[in-house]
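Each value in this text was obtained by applying a stated rule to the coordinates, not by laboratory testing. In this text, all values refer to a predicted model and were calculated from it rather than measured experimentally. With ideal geometry, Cβ positions are generated from the backbone for all residues, glycine too; neighbour counts draw on all protein chains shown.
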Amino acid sequence: MTRKDVKYALQRGLGRGYLAVKADPEKYRDLVKWACERDLSFDTQSEGTRAWYDYQLIMCYSDRTEFRDTIVKRFHDKKPDSSWDYAHFSELLSFFAEDGDQIAQAALWKKYEELLAALHGFRRSSRRMMVTTDCFEYLCVALCWTEENYAKIAADIGDLFMRNHLYDGWHFEWIYDSRPNGVNQRLRKKAAHSKELSAYLSAIDGHKSEFLQMRKTRREAPIPDSGRPLSVYLKRKAPELAPSYAEKYLAATDPEARAAALEAFAVCPYPLDPAPILADAQSDYPDLRDAAMEDLAMIRHPAVRSFAWAQMDINPEEALPIGIKNYLPEDEGHLYAAVRAYPVDYACKSGWHHMHMMIQDLFDRDSGVDAPPKSLLPLLYESTLCSFCRGTISRLMGRYHMITPAMWEEMLYDSNDDIRAYAAAHFRRIKSVGPSGM
């Protein structure tokens, strides 16, 4: 692997990046440091941070002081914001701390006291208060590796609830939910002797009760008037109503009204002949054209497929999702070339992430596709920045026996927990079968 290949692998959290560093740590020291200084996960909410992966990279070095000190400085200098860097640095330093590194532990608790003091100081709700709360919560989850730590944090938050009524259980529910049930049950027993713990648990329980009531009320909500909420409602709860909304679209003559009516089919597929939408997709009115193109990506129909491939060279970003939805086996080569040429970047300006997920959907049993494009799976595995998607792709490749021994090996060190577990299960399985296959 070249240095460029290794950096590419580290960006994506591929196990081959770890294996390259393990084989020659000094050659890639600067790349490991670069990876640790930022959260490289594409969608941290679904993937988690890359902290475990980065710590495995750091463990390849006998002296980890340089890496720890760099992370501590970055963490110390970091101000609360809406990025996931606080979660990344907190979790990464927690691995050092759990391994007994006193400097990492001190850095975490120093930042904890700093953010807790800031929360006490807010006198009105604001965006700055919310991002500070979120950053504090990331840090708290990272610190809860012992029950003792968790009990201290819960008591401090209970004290915050008692002193500052800006906060309630909604702000810190993740901390509670991140703990095993047994840990929370033992905390409840301790609460009998602590007003701070009682305040913490009371706020959490109150929020959960309100949330359950809100969900019940939401189920009884009326049909949304328009837009994407209406389309979601039609698809999930009332597909039988879709034809009546299609008739409203057909009856509209003003381009703006037609565009608004088409929003009902941004998620729920248009149930009638798509000829009018195909015509509107070539309209001179931008809003109407855009709404029609969006709706066509939900429709599987021969005429829509022909339109998509005719548009592929003219407008690939909008035509490709439509082509994917209407995939037939004879499209495999063209689709492979189009996906390979598609730009993949963190900003996702091209919409590559949605496009990759649409390709994964072709493998669903209800997709209408009898022979999905297996040749695209290795391409998606290599190119996606989202390890959550790579987990789905890995299992699809496993279904079709497309995973090589080298891939199984690297998957043991992937940044994604589910991929590592999948690979570990594979090796347990072949070990139990034995070399003879008996």
Most exposed first, judged by fewest Cβ atoms within 10 angstrom, 267, 304, 183 run 183, 267, 304
Nearest-0.05 FRET efficiency for residue 2 and residue 69, computed from C-beta distance (R0 22 Å): 0.15
Under Stokes-Einstein, the chain at 25 °C and 0.890 mPa s, with its Kirkwood radius over C-alpha pairs, diffuses with a coefficient in µm²/s of 97 µm²/s
Once residue 290 and residue 117 are pulled to full extension, the length gained, defined as 0.36 nm per residue separation minus their Cα-Cα distance, is 57.4 nm
Residue 109 versus residue 257, label points 7 Å from Cα toward the beta carbon: distance in nm? 6.9 nm
Counting other beta carbons within 10 Å of each residue's own, what order do 228, 258, 74 fall into, fewest first? 228, 74, 258
Could you please rank 352, 145, placing first whichever residue has the fewest other Cβ atoms within 10 Å of its Cβ? 145, 352
Set 33/349; 152/195; 111/189 screened for pairs whose C-alpha atoms are more than 19 Å apart: 33/349; 111/189
Counting C-alpha atoms alone, how compact is the range 250-383: give Rg to one decimal and Dmax as a whole number, in angstrom. 15.0, 47
Write down the Kirkwood hydrodynamic radius of the range 3-143, to one decimal in angstroms, obtained as one divided by the mean of 1/r over all alpha carbon pairs. 15.6 Å
Gyration tensor (Cα only) of the range 223-297 to equivalent ellipsoid, semi-axes in Å sorted down, yields 19, 11, 11
Counting only Cβ distances under 4.7 Å between cysteines, those in the chain with no partner are 36, 60, 135, 140, 144, 268, 348
Name the aspartates and glutamates eligible as straight-distance cross-link partners of residue 4: C-alpha to C-alpha under 20 Å, and not fewer than 8 places from it in the same chain. 24, 26, 30, 37, 39, 54, 345, 382, 410, 414
